[in-house]
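K.L.:
The following block contains the structure, expressed as structure tokens.
The values are calculated or read from the model by the stated rules, or taken from the named source; none is laboratory data. Computed from a predicted model, the values in this text were never measured in an experiment. Cβ sites come from the backbone with ideal geometry, for glycine too, and all protein chains shown count toward neighbours. These area figures cover heavy atoms from the full protein model, side chains too; ligands, DNA and RNA do not enter into them. Shrake-Rupley method; radii C 1.70, N 1.55, O 1.52, S 1.80 Å.
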Amino acid sequence: MEGSTAAEPKKSGGSKAIVFLLVGLLIGAAIGAGIMMALGGGEEEETSGNYLVDGFKLELFYNSGNIQREMACQILKENLESLNPGKIEISVSGVEWAQYLELRKNGAMPAMFLGWAPDYADPDNYIQPFYHQAGTYASMCGYGNDTLDAMIEDAATELDVDVRADKYKQISMDMYEECIFIWTAQATQFHAEREWIDGWYFNPMHSGLIYYSFDKPDIAPEGAPSTYDPDTFLMATIEGNPESLDPAIGYETAGGEVMQNVYETLLFYNGSSADELVPVLATEVPTIDNGGISADGLTYTYNLRADVMFHDGNTMTSEDVRYSIERALAINDAHGPAWMLGQVLIPDYYDLIDTDGDGEDDTSLYGQGSWNSTTSTFDPGVPPEVTAGAVWAVDADTVQFNLTTPYPAFLYAMCYNVGSVISKAWVGDNYGFTGSDANKLALDMCGTGPYEFVEWLPSDKITMEAFADYHEEPAAITNVIIQQIADASTRILMLKNGDVDCAAIPRNMKTQVENQTGIDVMQGLGTFNVDFLGLNQALNLDALPNPERTDVPTDFFADRYVRLAFAHAFNYDQYIEEGLLGTAIQPNGAIPMGMFGYSADVPIYDYNLDKAGFYLYMAETPVDSDSESSVLSELVARIKF
């Protein structure tokens with residue numbers, strides 16, 4: 001496999017020795033300088049200190065039950081604290097998944113370990129969320145760059161393949177220099193299930209848990225427990241609740257796993273292929289040859305199946321399709337998936353305007369929709385009269401999309417959950433909202449998929465049941481239960497005993513299910529999933545869950561030196577070898593290896609505590625410091641690595 005070579009690990013003991021020797025020498029020089037000033041040999045100036053000498057406190061977060069992310073936090077904690085023991089204090093905290101997402105959304109986590117799985121196979125799906133100031137993670141981390149935004153929008157709509165690749169390479173190179181995010185791992189696929197399960201396949205574009213393709217023997221296989229049920233699939237997953245079951249809002253894997261079984265899109269991926277699409281609710285895949293795509297790439301026409309029924313008993317029409325897109329854009333969740341439709345369907349979607357008369361264009365033209373308590377109605381982010389020009393219900397069985405610019409990935413973007421078709425009649429007035437925190441679709445579902453939503457017991461389980469009137473053959477397995485089992489060892493034991501059909505297994509525990517009688521393990525195929533550390537440049541100090549554990553200012557990570565210090569303090573090899581048992585590579589940026597737009601020429605950050613210490617020296621603290629720290633900073637600034 002070609003790509004960037006992983007950095008050679010530094011011996012942390014040597015790095016620490018060098019750093020502390022350097023510190024000792026410089027402190028001696030600083031004290032001497034201080035004595036000279038006290039004796040009149042110089043005039044003391046009021047200057048800032050630096051984060052290595054002055055230290056800082058910071059809390060790192062991971063979602064409870066995710067052993068790999070907990071390990072990543074501990075690695076960073078150990079290495080940062082080693083640079084100045086007692087002065088640099090890092091706390092590590094695990095929180096439940098839904099709370100984790102809420103803290104992330106509120107800007108209340110200084111730094112966060114997370115992963116990104118593709119919505120669709122295009123570099124825009126990685127670059128826009130992380131680096132465009134309207135993107136999901138860029139906005140959460142308080143990062144914005146107008147020049148970069150223009151580069152991203154230009155690359156997304158470029159039709160010349162070679163030119164487009166060059167544009168993404170330039171963006172990736174620029175972002176390596178900026179160090180906005182720290183990319184820690186791109187893992188290969190790993191899946192463990194009982195050998196009696198048939199029908200699982202791997203596709204890098206979704207979780208693989210498409211239950212419609214699964215089947216179990218009617219008669220209990222040899223070795224099955226007495227509780228074996230051929231009509232029920234039991235999935236043991238990690239602790240953590242979905243953010244939302246609403247396809248216009250939910251933008252994470254726990255909810256996505258449910259959505260992809262209850263809702264359907266016009267097209268979807270053909271089996272294990274990441275680029276071949278097949279019709280689902282449409283009758284064919286639009287192309288230029290069949291007239292579904294106009295020659296200029298601006299008009300997409302889908303012909304719909306006439307035999308599709310929603311779970312509420314209503315028949316799907318083009319109005320349901322049109323309304324589903326209108327609703328997603330009306331909600332226009334700032335941290336949700338609506339951007340992938342809005343950026344190519346809505347004119348001036350990313351424009352900013354001046355709303356307070358200060359002469360600054362600093363407010364989105366199309367903000368997030370919200371409940372209006374005065375009128376008891378929902379105020380849309382993108383007004384329906386604007387969306388009306390973008391999506392047309394031509395007739396009962398035909399829907400047309402009018403793009404503002406050609407977009408090579410549009411068919412694929414529409415395959416993500418945000419393109420799910422919902423029953424307009426079932427949703428009701430105000431897009432399903434009855435209050436600021438009351439959204440019908442957050443906790444309930446009504447789609448056209450092979451499974452109906454039955455119930456969600458938070459922190460316990462989600463249950464689905466096969467839809468008898470599905471437009472294809474009914475699902476082979478009647479019931480699906482996604483059960484939260486917080487303890488990984490318990491999940492492994494349940495899988496070995498046959499008490500569950502499939503289980504989420506941490507990578508560093510995978511040897512416990514490999515070569516086990518009755519368990520099938522599928523692994524080693526490349527994914528487009530990347531893990532990363534997000535660094536919050538606009539920390540919401542008022543929303544910190546444990547304020548006593550963090551004493552940095554709100555713009556701590558706005559300092560590039562601080563970000564680089566964290567990037568070089570992380571031991572990538574240790575994380576990949578010990579946490580993921582070698583089943584990953586170190587990414588060199590947001591675009592994963594194997595995807596169009598990836599460039600092996602983009603460097604990676606190396607684990608180097610000398611560099612980490614140097615960059616913390618260079619990062620000035622916002623408070624006045626003593627002359628010792630000031631002189632120390634001036635001296636270390638002359639050191640070159």
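K.L.:
Would you mind checking Lys167/Lys424; Lys77/Lys105; Lys105/Lys440; Lys169/Lys424 for any pair whose Cα atoms are more than 31 angstrom apart?
P.N.:
Among Lys167/Lys424; Lys77/Lys105; Lys105/Lys440; Lys169/Lys424, the Cα-Cα distance tops 31 Å for Lys167/Lys424; Lys169/Lys424.
K.L.:
So between Thr490 and Asp356, what do we pick up on full extension, going 0.36 nm a residue minus the alpha carbon distance?
P.N.:
Stretched fully, the Thr490-Asp356 segment lengthens by 42.7 nm.
K.L.:
Still on this structure: Could you tell me the center-to-center distance, by alpha carbons, between segment 264-304 and segment 316-352 in angstrom?
P.N.:
Measuring centre to centre over Cα atoms gives 19 Å.
K.L.:
Pick the calculated percent of Cα pairs over 46 Å apart for this structure from (i) 36; (ii) 30; (iii) 21?
P.N.:
The calculated read-out lines up with (iii).
K.L.:
Follow-up question, since we're still on this one. Round to the nearest 10 and report in Å² the accessible area of Thr375, as given by a 1.4 Å probe over the protein chains' heavy atoms.
P.N.:
80
K.L.:
What relative contact order, as a whole-number percentage, does segment 303-380 give when Cα pairs under 8 Å and 6 or more residues apart are counted?
P.N.:
In percent, rounded to a whole number, it is 22.
K.L.:
Specify which residue in the list Val280, Met445, Ile171 is farthest towards the positive end of the charge dipole of the chain, using unit charges on the beta carbon of Lys, Arg (+1) and Asp, Glu (-1), about the Cα centre.
P.N.:
Ile171
K.L.:
Still on this model: Calculated from DSSP H runs of 4 or more alone, at -39500 (n - 2.57) each and per residue, what is the 222 nm mean residue ellipticity of the chain, nearest 500?
P.N.:
-8500 deg cm²/dmol
K.L.:
When Lys and Arg each count +1 and Asp and Glu each count -1, what net charge do the other residues less than 14 Å away from Asp397, Cβ to Cβ, add up to?
P.N.:
-3
K.L.:
Continuing with the same structure: What's the extension gain from Ala150 to Gln523 if we count 0.36 nm per residue and subtract their Cα-Cα distance?
P.N.:
Here the segment from Ala150 to Gln523 would lengthen by 130.3 nm.
K.L.:
Please tell me the relative contact order of the chain in percent, rounded to the nearest whole number, where contacts are Cα pairs under 8 Å and at least six residues apart.
P.N.:
Relative contact order, the chain: 28 percent.
K.L.:
Hey, another quick one. What does the charge add up to near Tyr176, with Lys and Arg as +1, Asp and Glu as -1, over the other residues with Cβ less than 13 Å from its Cβ?
P.N.:
-2
K.L.:
So what is the accessible area of the chain per residue, in Å², with the probe set to 1.4 Å?
P.N.:
With all protein chains present, the chain gives 39 Å² per residue.
K.L.:
To continue, here is another question. Under 10 Å from the Cβ of Leu441, count the other residues' Cβ atoms, weight Lys and Arg +1, Asp and Glu -1, and hand me the total.
P.N.:
Here the charged neighbours net out to 0.
K.L.:
Then there's this: Given +1 on the Cβ of Lys and Arg, -1 on the Cβ of Asp and Glu, and no further charges, what dipole in debye does the chain carry about its Cα centre, rounded to the nearest 20?
P.N.:
Taking the Cα centre of the chain as origin, the dipole is about 1700 debye.
K.L.:
Could you tell me, in Å, what Rg and Dmax come out for the Cα atoms of segment 403-451?
P.N.:
Just the Cα atoms of segment 403-451 yield Rg and Dmax of 14.2, 38 Å.
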